[in-house]
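Take a look at the structure set out below.
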Amino acid sequence: MTTAVLDGAFWHVLRRPRTFGVAGLILGAFASFLAIPPIEARAIIWPILVGIVAAALGIWTAMRGERRLGFGAIASGVIGIGLGILATRSGSGNLNTVFRADLIASTFVFSTPLIFAGIGGMFSERSGVVNIGLEGMMLMGAFWGVYGADKTGSWWGGGMIAMLSGGLMALVHAFFAIHLRADQIVSGVAINFIALGITGYFFFQLYHGQDVPTGIPIIPKVHIPWISHLHFLGPAIGNLNLMIWLSFALVIVSYLVVFKTPIGLRIRACGEHPRAADTVGINVYAVRYGAVVLSGILASLGGAYLSIGFGGGSFNDNMTAGRGFIALAAMIFGNWRPFGTFYAALLFGFSTALAYRLPVYSGSAATLFQVLPYVLTLIAVAGVIGRTVPPAADGRPYVRQ
């Protein structure tokens, strides 16, 4: 009986048009990577065949009512054919330089601060408060993280101070957005400028605007002995920073909290229908304050990773360089969901890692390649990939009757 039920469920899923549409998207992406390591199928026929199958699945999906997903699969197939052909025409030396195994590690490196900040922004906006101040909270975490590590002599001490600084900045934003019912966009922008001024001032006062002293404790890497010696997996995941693994855990934990616990239900209720939540006894103000402060703590951890993780114990003015806004775009692109945010952050992280390697093809266009993550950000927030639906009460101050 159990086997029959499982077989029936399997065939039911297989017959759904969305299943074929998703398969088309995956095959289209796969066609782009056939000629690069570790597969290295150099014959031009392979990306063409895989891309055609992806496009055919997209056509089949679109004909059965899933037009957006179907057209996406068609586009994925066509783009996969084009990129796959270009890859087969590229020299093996250039491909091995750009698409080495450590490109995966670099993707995780650049996506980690986006994951922390994006998940933090998700908690805030799920409760009904727009948090444009993620950039400023990340910047506070970056500076006070390295300062805390310097003064306490430990990276975890720096992380705790970074969390405190991000939480305080988020508390200021929450006070203006929730208690004073100020415009949340204006409040978030003000937080960004305040953080820029605070970090710039104290960087000059405490370090005289010079480089942070060497030897500051940094977040360690996790060495996996049974993987690090492997040909491809070793450089990819065998020696990643501890914060990268914590970001993976954060995605899973945040999903369970938001969608599988009473606390998550309260957060979502306050973001969707705060008056109904208030009616059943939920303190909307308390929930929103807690969610916004949590968003600041998580964003500051992403900033601390930049300074005492990836940055190796260093800091410079405006170190975040717009990553808070990219994290916000990842959250929107991910439809205010943990795993969606995670996948979007990986996409932006991959584009950044790739941008640093593309100058091998054109040194004169090296600076131009650096705008690739920001172009993807514009595409994401413009809704070109697909329409996203925010929480119904997101950005709307609540007034208790």
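A few remarks follow.
- Each residue of segment 263-269 was assigned a 3J(HN,Hα) from its phi angle through the Karplus expression (A = 6.51, B = -1.76, C = 1.60, θ = phi - 60°), giving 4, x, 4, 5, 4, 5, 5 Hz with x at Gly and Pro.
- For the pair F204 and Y285, the difference between a 0.36 nm per residue extended length and the Cα-Cα distance amounts to 25.4 nm.
- Per-q log10 I(q)/I(0), segment 249-321, q = 0.16, 0.23, 0.25, 0.27 Å⁻¹ (Debye; single scatterer per alpha-carbon; no solvent): -0.69, -0.98, -1.08, -1.18
- Each residue of segment 167-179 is assigned a 3J(HN,Hα), and the resulting list reads x, 5, 5, 5, 5, 5, 4, 5, 4, 6, 6, 9, 6 Hz, derived from the Karplus form 6.51 cos²θ - 1.76 cosθ + 1.60 (θ = phi - 60°), x at Gly and Pro.
- With the gyration tensor restricted to C-alpha atoms of segment 213-344, the semi-axes of the equivalent ellipsoid amount to 34, 19, 13 Å, longest first.
- Peptides 52-61, 188-197, 280-289 ordered by average Cβ neighbours within 10 Å, highest first: 52-61, 188-197, 280-289
- Close amide H contacts of V222 (hydrogens built in the peptide plane, cut-off under 5 Å, sequence separation of 5 or more or a different chain): L240, N241, L242.
- Ranking G271, T214, N239 by how far each Cα lies toward the positive end of the dipole of segment 191-290 (charges on Cβ) leaves G271 at the top.
- When the alpha carbon coordinates of segment 120-184 are projected onto the principal axes, the ranges are 40, 20, 15 Å, largest first.
- Ligands, DNA and RNA left out, the accessible area of segment 160-283 computed with a 1.4 Å probe is 72% carbon and sulfur.
The values are calculated or read from the model by the stated rules, or taken from the named source; none is laboratory data. The structure presented is a predicted model; accordingly, all values stated were derived computationally and were not measured. For neighbour counting, all protein chains shown are included, and Cβ atoms are generated from backbone atoms with ideal geometry for every residue, glycine included. All accessible areas refer to the heavy atoms of the entire protein, side chains included, with ligands and DNA or RNA removed. Shrake-Rupley method; radii C 1.70, N 1.55, O 1.52, S 1.80 Å.
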